[in-house]
1. Conditions: (1) closer than 20 Å to residue 9 by Cα; (2) surrounded by 18 or more Cβ atoms within 10 Å (Cβ to Cβ); (3) touching a residue at least 40 places away in the same chain (Cβ under 8 Å); (4) under 16 Å from the mean Cα position of the chain (by Cα). Residue 98 meets all but one. Number of the miss?
2. Could you tell me which of the residues 147, 158, 202 is within 30 Å of residue 70 (Cβ to Cβ), in contact with a strand residue (DSSP E or B) (Cβ under 6 Å, 6 or more places away or on another chain) and surrounded by 15 or more Cβ atoms within 10 Å (Cβ to Cβ)?
3. Somewhere in region 123-144, is a residue within 21 Å of residue 163 (Cβ to Cβ), touching a residue at least 12 places away in the same chain (Cβ under 8 Å) and either part of a helix (DSSP H, G or I) or out of contact with any helix residue (DSSP H, G or I) (no Cβ under 9 Å at 6 or more places or on another chain) (or both)?
4. Taking helices (runs of 4 or more DSSP H) that do not extend beyond region 174-232, which have at least 2 residues that are out of contact with any helix residue (DSSP H, G or I) (no Cβ under 6 Å at 6 or more places or on another chain) and within 30 Å of residue 44 (Cα to Cα)?
5. Please pick out the residue among 86, 120, 81 that is buried (at least 20 other Cβ atoms within 10 Å of the Cβ), out of contact with any strand residue (DSSP E or B) (no Cβ under 9 Å at 6 or more places or on another chain) and not in a loop (DSSP other than H, G, I, E, B).
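Every number here is computed from the coordinates shown, using simple stated rules; none is lab data. What you are looking at is a predicted structure, and each value in this text was computed from that prediction instead of being measured. Ideal geometry is used to build each Cβ from the backbone, glycine not excepted, and the neighbour counts take in all protein chains shown.
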């Protein structure tokens with residue numbers, strides 16, 4: 001990474017679906033390894049990184065609730081899926097020499113640390129990557145909201161939302177060839193236009209804490225490093241003057 005990173009500490013939000021690669025379900029090891037390598041590049045350049053990973057590649061609470069499972073129970077099942085993804089990412093990080101800790105909002109002492117804010121900050125100060133698992137620990141909240149919450153708690157300078165596309169569009173570009181791509185947006189525009197980049201609670205929480213949301217594609221090796229240097233193709237959501 002040639003340029004100097006713009007951000008000292010960031011939270012990287014990765015969807016569970018991103019871990020599937022080209023598979024229909026579950027975890028694609030090659031994809032997880034590529035994301036881990038990108039994170040390693042970021043930490044070597046001097047950026048402190050924490051992560052939140054969704055669980056949609058294994059179980060999605062809303063989908064489970066639609067099939068008749070009690071919503072709260074379905075959401076807890078989704079939280080357990082995020083722990084599985086976090087452990088897979090931790091293993092990938094450690095294979096390439098990156099110190100990594102998983103902290104779970106639901107206590108699971110056998111496989112992870114409990115979520116303790118000050119301990120998480122200390123890990124990052126020592127150069128370790130911290131993966132926050134199990135969402136907020138509460139049903140009815142998405143992992144996007146958990147990411148916005150943890151970004152605020154960790155005093156992050158930006159939240160990076162790694163998606164399947166290279167920014168925010170007015171519609172799904174895979175379904176609508178005329179979808180407009182935005183280089184920048186305000187939080188208000190995202191909410192007013194009902195752009196489906198993150199749920200409203202996550203956007204509002206980021207706005208309240210003045211944390212810019214940077215949306216970029218996770219599919220290209222090196223994309224994270226480029227975005228951290230302010231060079232990559234992305235959409236930046238922040239307050240406008």
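1. If we test residue 98 against (1) closer than 20 Å to residue 9 by Cα; (2) surrounded by 18 or more Cβ atoms within 10 Å (Cβ to Cβ); (3) touching a residue at least 40 places away in the same chain (Cβ under 8 Å); (4) under 16 Å from the mean Cα position of the chain (by Cα), just (4) comes out false.
2. 147 is the lone residue from the list that is within 30 Å of residue 70 (Cβ to Cβ), in contact with a strand residue (DSSP E or B) (Cβ under 6 Å, 6 or more places away or on another chain) and surrounded by 15 or more Cβ atoms within 10 Å (Cβ to Cβ).
3. yes
4. Passing ranges, in order: 223-228.
5. On inspection, the qualifying residue turns out to be 81.
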